[in-house]
Amino acid sequence: MSVQGPAEHLAWMREARLGLFVHWGLYSVAARHEWVKNRERTSDEDYDVYFRHFEPDLYDPRAWAREAREAGMRYFVVTTKHHDGFCLWDSQQTDYKATRTPAGADLLAPMVDAFRSEGLRIGFYHSLLDWHHPDFPIDGYHPQRDDEAAKAAAAGRDIARYREYLHAQVRELLTGYGRVDYMFFDFSYPARQRPEIWGNKGREDWGSEELLAMVRQLQPGIVVNDRLDLPGQGDVATPEQYQPSAPMVVRDGAGLWEACQTLNGSWGYDRDNLDWKTPEMIVRMLVDGVSKDGNLLLNVGPTGRGELDDQALATLRQLGGWMRRHSPSVYGCGPAPFTPPPDCRYTMKGDRLYLHVFSWPFRHLHLPGLAGRVELARFLHDGSEVRREEIAPAQEAFNVQPGGLPPGTLTLELPVHRPDVLVPVIVLDLRR
Ligand code: GLC
């Protein structure tokens, strides 16, 4: 079956480059990772305490959406349901949803409205796994995997019934909230990829082909990620917690890739995890991705009370401060056909080449292949000129240009002091 859409439906996402991932659910109350139910092998009964006490009294999605926009994000992806099975929306298929908690309301609808009115595109993360549904088999990832009594009682579980539930819920999500731009399914673990997991799941279990066809039919033009176990059919590859070392080729180049990154190693709110990435690292990740034609989906895990925690806010605001002046080197940019000097990244859009300097050199930056090709070099943050020298090959040994630099190298003369921005950027206007 071919359900591939033309690459144009990805144009907005490639242009956007930066999105916000939001992991929010019952695990935010436990506050020790969104896999807490799995990790601690928690029973449904014990986990239910988070359901009975899910009280997001400070929840203000307009504040989240504003922060995201001010951080420079152009789309967002929220966990409609994570692996624990809890639904943020008022699903007609279950009572395991926000409306039945003290929150007492559909939490998804106001979030979608808020992000849409800040101008961001709408993405839904939806877990294929479900550790609450009575027909989801107790497999090697399930919290009750070592509970012999639960396993014996689970003998009659029928994944076909779960599959119907999964499809019905996705249908609700794609018919009840207006235009949805991005569907992020998570995740498959077929035996050929994860032989070590007992009770693997993949395309037959999820009914992936039918699911994908339904998604594309209900929301023509929607972007779908790559975790349905349908090789070659996802629009977006979604590496998580690392930056690929080279551009990822998706669907022979027609697709896109997006690095999913956490702020501190956990997706859900994780109070005692202080392994925060610095704002500078985040900017570098973003730039590194764009230089390889990829996006960054940066995660926040709001608290059980419904707020972004202070550290996440501080990081988003610093990112926003950088984006305010530097977004031209991000939005709509892609890779450049030049090799950057060490510790630098190029991005490019039209005739503009953006040089991102990760490590400040001693006075000079040598740019191979650019002699004679640059009309003006300027810092992006203040538009101020950066002087340059083009030394004829015969003079290479003299003073500035060390021997060994290939002819055609352009040398930038940098100020001694590194500009006080998270990552300095030099704009090189190329001659036509
Ligand atoms: C993983 C994890 C998960 C997280 C996700 C984000 O597959 O299971 O907890 O939601 O990736 O990409």
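The values are calculated or read from the model by the stated rules, or taken from the named source; none is laboratory data. Note that this is a predicted model, so its numbers are computed, not measured. Glycine also receives a Cβ, built like all others from the backbone with ideal geometry; neighbour counts cover every protein chain displayed. Quick note on the areas: whole protein, heavy atoms, side chains included, nothing else; ligands and nucleic acids left out. Shrake-Rupley method; radii C 1.70, N 1.55, O 1.52, S 1.80 Å.
Legend: calculated FRET efficiency, LEU313 to SER359, from the Cβ-Cβ distance at R0 = 41 Å, rounded to 0.05, equals 0.90.
Model label points for ALA152 and ALA213, set 7 angstrom from Cα along the Cα-to-Cβ axis, are 4.3 nm apart.
Helix 108-117 and the long axis of the chain differ in direction by around 20°, with both axes built from C-alpha atoms.
Among DSSP beta bridges whose residues both lie in the chain, state the antiparallel percentage, nearest 5.
Just about 45 percent of them are antiparallel.
With +1 assigned to the C-beta of every Lys and Arg and -1 to the C-beta of every Asp and Glu, and no other charges, what is the dipole magnitude of the chain about the Cα centre in debye, to the nearest 20? Show your work: numbers first, answer last.
Details: 49 positive and 61 negative charges, 266 e Å.
Here the chain has a charge dipole of around 1280 debye.
Working from Cα positions, state the angle (0 to 90°, nearest 10) between the long axis of helix 279-291 and the longest principal axis of the chain. With rounding to tens, the tilt is 80 degrees. Here the chain exposes an accessible surface that is 49 percent carbon and sulfur, computed with a 1.4 Å probe and the other protein chains kept in place. Annotation: per residue accessible area for the chain equals 41 Å², rounded to a whole number [probe 1.4 Å, protein chains only].
Rounded, prolate or oblate: pick one for the chain, where a ≥ b ≥ c are the square roots of the eigenvalues of its C-alpha gyration tensor, a/c under 1.5 means rounded, and failing that, prolate if a/b is larger than b/c, else oblate. Provide the component values of the computation, followed by the final result.
Values: a/c = 2.31, a/b = 2.00, b/c = 1.16.
Prolate, because a/c is 1.5 or more and a/b exceeds b/c.
Remark on ASN295: its backbone amide H falls under 5 Å from those of TRP257, GLU258, ALA259, a criterion applied only to residues 5 or more positions apart or on other chains, H modelled at 1.01 Å from N. Whole-Hz Karplus values for the stretch 348-360 come out as 8, 8, x, 8, 9, 10, 10, 9, 9, 9, 7, 10, 6 Hz, taken residue by residue from phi with 6.51 cos²θ - 1.76 cosθ + 1.60 and θ = phi - 60°; glycine and proline positions read x. Whole-Hz Karplus values for the stretch 374-380 come out as 10, 8, 8, 10, 9, 5, 6 Hz, taken residue by residue from phi with 6.51 cos²θ - 1.76 cosθ + 1.60 and θ = phi - 60°; glycine and proline positions read x.
Report relative contact order for the chain in percent, whole number only (criteria: Cα-Cα under 8 Å, sequence separation at least 6).
Details: 884 pairs, mean separation 73.4, N = 432.
It rounds to 17 percent for the chain.
Residues whose amide H comes within less than 5 Å of that of CYS87, counting only those at least five positions distant or on another chain, are LYS97, ALA98 (H built at 1.01 Å from N in the peptide plane). Find which of SER329, ASN38, GLY72 sits farthest along the positive direction of the dipole of the stretch 8-329, computed with +1 on the beta-carbon of Lys and Arg, -1 on that of Asp and Glu, about the Cα centre. Projecting each Cα onto the dipole axis, the largest value belongs to SER329. Of the residues GLY301, PRO407, GLY255, the one whose Cα sits farthest toward the positive end of the charge dipole of the chain, with +1 on the Cβ of Lys and Arg and -1 on the Cβ of Asp and Glu, is PRO407.
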